[in-house]
Amino acid sequence: MFEGLQLNHWQASQNADGVLLLTMDRSGSRVNALSRALLDELDALVERIAIERPRAVVIHSAKPAGFAVGADLNEFAGYARAGTVRAEIEHGQQVFERLAQLPMPTVAAIHGACMGGGTELALACRMRVAARAPETRIGLPEVQLGIHPGWGGSARLPRLIGAPKALAMMLTGRPSSAARARADGLVDQLAAPDELLDAACKLALHPRPRPVRQRALAWLTNAWPARQILAPVVRRQTAAKASQRHYPAPFALIRTWRRGGGNIQQRLRLEAASVAQLAKTDTAHNLIRIFFLRERLRALAGATPHGIKHVHVVGAGVMGGDIAAWSALRGFEVTLQDRELKFIEPALVRARKLFEKKLKTPARIEPALRRLHADVAGTGIAPAQLAIEAVYEDADAKRWVYHAIETGIASGALVATNTSSIPLDELRGALHEPGRFLGLHFFNPVAQMPLVEVVCHDALDELAAKRAMAWVKAIGKLPLPVKGTPGFLVNRILVPYMLEAIRCHAEGIPDPAIDRAAKHFGMPMGPIELADTVGLDVALSVGKELGPFLKLELPDGIADRVEGGKRGKKDGQGFYHWVDGKAQKPRLDHAYRPPADLEDRLILPLLNEAVACLHDGVVEDAELLDAGVIFGTGFAPFRGGPIQYIRAAGAGVLRERLETLARAHGPRFAPKPGWFNPALAGVAEQPARG
């Protein structure tokens, strides 16, 4: 049937029932990322299929990791630089539309990751079967890259599952499980993983019509009156969560859907034009750059095996308990030690809630619970390949823990600290084998923050560092190697920002105004709310540790609260009053006008310290610094990180603004060494990684 076609990324075979199996298997890649070459081959296959007319077609993947992870972003970044995005988008649309127009039944057999362009390929088929497995995830996450679906996703999904569900899926970028996709009508059938292909072939030979209710709902919610009524509502809901100035893609998606009529060609034209415009924005450039930065962090450990099965955590407070729970969630045997069982029990309660939220079913929750053990006596030290100290920020207390760990732990096991600020040179002297000692600095809340700083020192064994990074990757986090200087990277950069915010509070500027100024810049959370969230006791401890190093005094307003038992969110009272985990912020007087330089007072100290960290070599280069600050603090992703923002705004301009602040408010704003670093000059091109 396919004589003469040169296929590098697809295989084709026909079964005894006349069903044509198209197997997607991108050459030289662990995953199926949809490249131009892969789409060109699919186009040639579809053209031949239209002539040969097999009984049915099933598309599936040969990759164990999943169906397809989406478009090849390296190629997309190149199209954006060359200004050819629209032409390439239209090419992909044409290929998928030819597939959609084939006269015989077509079925996508989905397992594992099915994202972005992979989901759009599946939508171009008439039916979809998904593997009933936790690994199956189907989504359209393009808004997280500053664009929206462009190969027919926004044109087809609302007509398949109804506009409300489709818009929610595309506007959040969150993937659906197999069960959720089936309930929503995105997939037509579920099958056991080992029966997926057989189920897809049977469905292709015996198609079943979609339920009348699903078809009616899809039609009604996409009719012209519904679009005119629903679009403004969805737009208001979106505006409450994201700024159109910072993140234009969700709003462009709503506008494109609202304008789209019943003609698929018209909807595809609107979609292509919208994505092409979004691809020109700084937001898209920076969010795609962040994607590559994430991939770079994941690749840092290389192929080094971590050799860790059992993790022992000392300290069952919020950080230690949550590190232990996350490790158990990710499949490791974990023992959690503290002085008495009563200190461990709250951590076990939190762990159960985490497992219930993430794992859903008793069949998956119970094994995770069995992997996490309370261990007052410390018997878990001996069998552990990794011990993590997570006691309070006191160097003497930590040294005592290291002595107890080293006495019982096996040779070759790693010993780590979760200290947030104490230099490792102050701690490593307590160990007989400092070569296996390092920092694993997690961030609060552990379940949400993706970054872990792997804190190094000059006596650290290189293999130990690589094993630690491999383990961080194995628990689903992003490892960032940093020098063991005070505050490492993230806290060193955050402390000036947070202390300046508290100083503004002490000057009488209302807390909501301070937070609003930071959010206006693009921070996901204001610094006052952030201080309450991480804990005022933690903020105070880190401030005391780093204050002398950074030549910053602790402002009024934090020590007195901690002494009065007001530690922030965890106690229900800090700068804000907290109810059910939410800050109760007082309303600002409409007549109130904050100081004109408030935003600069908050953001420029953060940028100043980022420049100093780059100058001091805390991380290897500017790109890793941006990655660390974005994934460790949530720094305005659409700006691409502090160094990328400095490049865009102009280092000279920002340096002059720091000097203006120094004249008005004091020498703490004086530009630090490093502002003439060539790495700050101009906007760097996208890194060619991915």
Using only the Cα atoms of the range 310-489, construct the convex hull and provide its projected area averaged over every direction, in square nanometres to one decimal.
-> 8.9
Once the Cβ-Cβ distance between residue 255 and residue 670 is put in as r, and R0 is 56 Å, what FRET efficiency do you end up with, to the nearest 0.05?
-> 0.75
Out-of-range pairs (alpha-carbon distance over 31 Å; input 63/519; 309/358; 398/519) | 63/519; 398/519
Sorted by chain and then number, the residues having a modelled amide H within less than 5 Å of the amide H of residue 187, at least 5 places away or on another chain, are 182
To the nearest 500 deg cm²/dmol, what mean residue ellipticity at 222 nm is calculated for the chain from DSSP H runs of n ≥ 4 alone, each contributing -39,500 (n - 2.57), summed and divided by the residues?
-> -15500 deg cm²/dmol
If you add up the charges near residue 14, with Lys and Arg at +1 and Asp and Glu at -1, over every other residue whose beta carbon is less than 13 angstrom from its beta carbon, what do you get?
-> +1
Given the candidates 328, 457, 444, the one whose Cα lies deepest towards the positive end of the charge dipole of the range 310-489, counting +1 at each Lys or Arg C-beta and -1 at each Asp or Glu C-beta, is 328
Förster radius 35 Å - calculated FRET efficiency between residue 236 and residue 397, Cβ distance, rounded to 0.05 | 0.10
Rounded to one decimal in nm, the spacing of the 7 Å Cα→Cβ label points at residue 410 and residue 224 is 7.2
Cβ-defined net charge surrounding residue 492, 13 Å radius [Lys, Arg +1; Asp, Glu -1] = -1
Student exercise, the chain dipole from Lys, Arg, Asp, Glu Cβ charges, in Debye to nearest 20 | 2780
Any idea what the dipole of the range 310-489 comes to, in debye rounded to 20, about its Cα centre with Lys/Arg Cβ at +1 and Asp/Glu Cβ at -1?
-> 940
Taking 411, 29 and counting other beta carbon atoms within 10 angstrom, the fewest-first order is 411, 29
First measure r as the distance between the Cβ atoms of residue 11 and residue 206, then evaluate 1/(1 + (r/R0)^6) with R0 = 25 Å and state the FRET efficiency to the nearest 0.05.
-> 0.50
Each residue of the range 617-633 in turn: what ³J(HN,Hα) in whole Hz from Karplus with 6.51, -1.76, 1.60 and θ = phi - 60°, glycine and Pro shown as x?
-> x, 4, 10, 5, 7, 5, 5, 5, 5, 4, 4, x, 6, 5, 7, x, 10
In the range 239-293, the trypsin sites (Lys or Arg not before Pro) that fall in loop regions by DSSP, at most 12 other Cβ within 10 Å | 241, 245, 280
Point-to-point label distance, residue 591-residue 25, nm (Cα→Cβ direction, 7 Å offset) | 7.5
Cβ-defined net charge surrounding residue 24, 14 Å radius [Lys, Arg +1; Asp, Glu -1] | -3
If contacts are Cα pairs under 8 angstrom and at least 6 residues apart, what is the relative contact order of the chain in percent?
-> 9
Here the relative contact order (percent) of the range 10-280, from C-alpha pairs under 8 Å and at least 6 apart, is 18
Taking the Cα centre of the range 10-280 as origin, work out the dipole magnitude from +1 charges on Lys and Arg Cβ and -1 charges on Asp and Glu Cβ, in debye rounded to 20.
-> 1360
Least to most buried among 342, 466, by other C-beta atoms within 10 Å and fewest first, runs 342, 466
What label, among [x] 159; [y] 181; [z] 168, belongs to volume of the Cα convex hull per residue in Å³ computed from the structure on display?
-> [z]
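We did not get these values from a lab; they are worked out from the coordinates using the rules stated. Since this is a predicted model, take the numbers as computed values, not measurements. So basically every Cβ, Gly included, is an ideal-geometry build from the backbone, and we count neighbours across all protein chains shown.
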